[in-house]
Amino acid sequence: MKKKCLFILSLVLLSGLTTLFSGCDKDTNSYVDVYVVDEATKRPLQHAYVKIDIENSYVNDEGYTLGDGHYLTQFRDPAIFNVYVEYEDYDCYGIHYDETGMPSFDYDPTIYKCYRTGSNTVRLKEGETVEVTVNVSAEVFRERR
């Protein structure tokens, strides 16, 4: 009987210690908050394409900014990342409206891609959120799709 009680008590103690130590998992992911703004107006740019990567590596992430100009993502390990932003600027297509209200373009958006870019670097830290601002330049690029 004494051995049985001792065995049950040791099981309870062991399971309690296991729960205690496994419940202390620390978040070790690295987070980056990219804030994309227009260099001239300092206004946030929504729907800007963001690519975060390490040169010559498979570690990367990409997506689009929200309405407030932010793109938030996480990485498993801290590192120094390149941040590249491409913003498709519909104003540079030269939109005109005829007398009926129909739009016409100097550059056809189905044929040409009209965009502006910006870049920066960021050093991520383990378990922290690092903020980086990317200014999108006023220089416009046009290329065939």
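Counted as qualifying within region 31-145 are the strands (runs of 3 or more DSSP E) with 3 or more residues that are of a type outside the set (Asp, Glu) and out of contact with any Gly (no Cβ under 9 Å at 6 or more places or on another chain), namely 60-64, 70-75, 80-88, 95-97, 112-123, 129-136, 141-144. Residues that are over 15 Å from the mean Cα position of the chain (by Cα), of a type outside the set (Ser, Thr, Tyr) and more than 21 Å from residue 35 (Cα to Cα) occur at least once in region 78-92. On the stretch given as region 106-121, residues that are farther than 27 Å from residue 32 by Cα, touching a helix residue (DSSP H, G or I) at 6+ places or on another chain (Cβ under 9 Å) and not charged (D, E, K, R) total 4.
Regarding region 5-17, can at least one residue be identified that is modelled with pLDDT under 75 and part of a loop (DSSP other than H, G, I, E, B)?
Checked against the condition, which is being modelled with pLDDT under 75 and part of a loop (DSSP other than H, G, I, E, B), region 5-17 yields no hits at all.
Look at region 65-82: where a residue is farther than 14 Å from residue 50 by Cα and touching a residue at least 12 places away in the same chain (Cβ under 8 Å) and a partner is of a type in the set (Asp, Glu) and in a strand (DSSP E or B), sitting 6+ places away or on another chain with Cβ atoms under 8 Å, you get 75/61.
The values are calculated or read from the model by the stated rules, or taken from the named source; none is laboratory data. Everything quoted here is computed from the prediction, not taken from an experiment. Note: ideal-geometry Cβ built from the backbone for every residue, glycine included; neighbour counts use all protein chains shown.
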